[in-house]
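Contents: one structure, followed by commentary.
The values are calculated or read from the model by the stated rules, or taken from the named source; none is laboratory data. Computed from a predicted structure; not experimentally measured. Every residue, glycine as well, gets a Cβ built from its backbone with ideal geometry; the counts of neighbours run over all protein chains shown.
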Amino acid sequence: MFRPKYITFDCYGTLTNFRMSQMTREVFPDRVAPDRMEAFVRDFAAYRLDEAMGDWKPYQDVIRQALQRTCRRWQIEYRDEEAKRMYAAVPTWGPHPDVAEPLTRIARHIPLVILSNASNDQIHHNVAKLGAPFHAVFTAEQAQAYKPRLQAFEYMLGQLGCGPEDILHVSSSPRYDLMSANDLGIRNKAYVARGHEPPPAAAYSAQEIKDIRGLPALVGL
């Protein structure tokens with residue numbers, strides 16, 4: 001049983017119900033056939049990850065450029081107002097239903113921290129909807145790097161004044177979080193099996209939980 005100094009979380013997808021894929025399905029039925037929509041959604045997700053790999057830029061640029069590249073690949077019309085609509089929707093999204101109660105219970109004993117690929121003007125709207133107290137919230141904008149870049153995690157650890165051995169990192173994303181956390185030496189990791197990414201390889205040594213209700217047991221609460 002490991003009792004960390006901090007439990008750190010990915011926000012979008014892990015705690016907040018990140019509805020970008022659903023919104024993509026709602027926006028593009030006039031240009032993408034139903035039997036090809038899931039492939040289009042996957043390509044858009046892949047380009048968002050790719051846009052996050054370089055130097056930091058505003059999150060609305062990540063969405064816009066990823067959507068432009070996806071439309072170009074599919075040879076369909078890109079509309080800038082749709083990218084703006086997607087960006088504007090992010091701070092309106094609330095949590096998964098399993099989030100508030102277990103996090104509130106854990107927060108009485110262990111400080112909770114968020115490290116999010118978010119803009120400063122978005123994330124606090126999402127955090128306010130989670131229904132639990134957080135010790136600190138760090139963004140890609142503050143770190144000047146998006147996950148999965150190690151710089152984002154290093155910024156968080158530096159701000160907390162602790163080492164990778166001191167935290168438990170929780171995420172539903174192997175690609176954005178768990179692989180990098182493992183590379184940085186964060187031994188204690190929890191994979192939340194939300195179903196939007198394949199489960200991590202055993203090499204990433206993450207304990208799998210179905211949802212956040214399984215988290216208290218990992219820290220003896």
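Being touching a helix residue (DSSP H, G or I) at 6+ places or on another chain (Cβ under 9 Å), under 24 Å from D50 (Cβ atoms), free of Cβ contacts under 8 Å to residues at least 40 places away in the same chain and not assigned by TED's automatic domain parsing to the domain that holds Q60, is that true of even one residue in the stretch 109-119? No, the stretch 109-119 contains no residue that is touching a helix residue (DSSP H, G or I) at 6+ places or on another chain (Cβ under 9 Å), under 24 Å from D50 (Cβ atoms), free of Cβ contacts under 8 Å to residues at least 40 places away in the same chain and not assigned by TED's automatic domain parsing to the domain that holds Q60.
Here's a check for you: in the stretch 1-24, which residue that is among the hydrophobic types (A, V, I, L, M, F, W, C) and in a helix (DSSP H, G or I) is surrounded by the fewest Cβ atoms within 10 Å (Cβ to Cβ)? Ranking the candidates gives M23 first. Would you be able to say whether some residue in the stretch 91-110 is of a type outside the set (D, E), modelled with pLDDT of 95 or more and part of a strand (DSSP E or B)? Taking every residue of the stretch 91-110 in turn, at least one turns out to be of a type outside the set (D, E), modelled with pLDDT of 95 or more and part of a strand (DSSP E or B). Of R149, R187, R213, all but one fail to be out of contact with any strand residue (DSSP E or B) (no Cβ under 8 Å at 6 or more places or on another chain), closer than 25 Å to D43 by Cα, outside the structural domain of G54 (by TED's automatic domain parsing) and surrounded by fewer than 23 Cβ atoms within 10 Å (Cβ to Cβ); the exception is R149. Selection within the stretch 25-78: residues that are outside any helix (DSSP H, G or I) and basic (K, R). The member of this set that is nearest to Q144 (Cα to Cα) is K57. Whenever a residue of the stretch 148-159 is modelled with pLDDT under 95, it has no partner that is among the aliphatic types (A, V, I, L, M) and part of a helix (DSSP H, G or I) lying with C-beta atoms less than 7 angstrom away and at least six residues away or across chains.
Yes or no: the stretch 196-205 includes at least one residue that is out of contact with any Asp or Glu (no Cβ under 8 Å at 6 or more places or on another chain), of a type outside the set (D, E), under 16 Å from P4 (Cα atoms) and surrounded by fewer than 20 Cβ atoms within 10 Å (Cβ to Cβ). The answer is no, given that none of the residues of the stretch 196-205 is out of contact with any Asp or Glu (no Cβ under 8 Å at 6 or more places or on another chain), of a type outside the set (D, E), under 16 Å from P4 (Cα atoms) and surrounded by fewer than 20 Cβ atoms within 10 Å (Cβ to Cβ). Taken as a whole, the condition of being of a type in the set (G, A, S) and touching a residue at least 24 places away in the same chain (Cβ under 8 Å) does not apply to A66.
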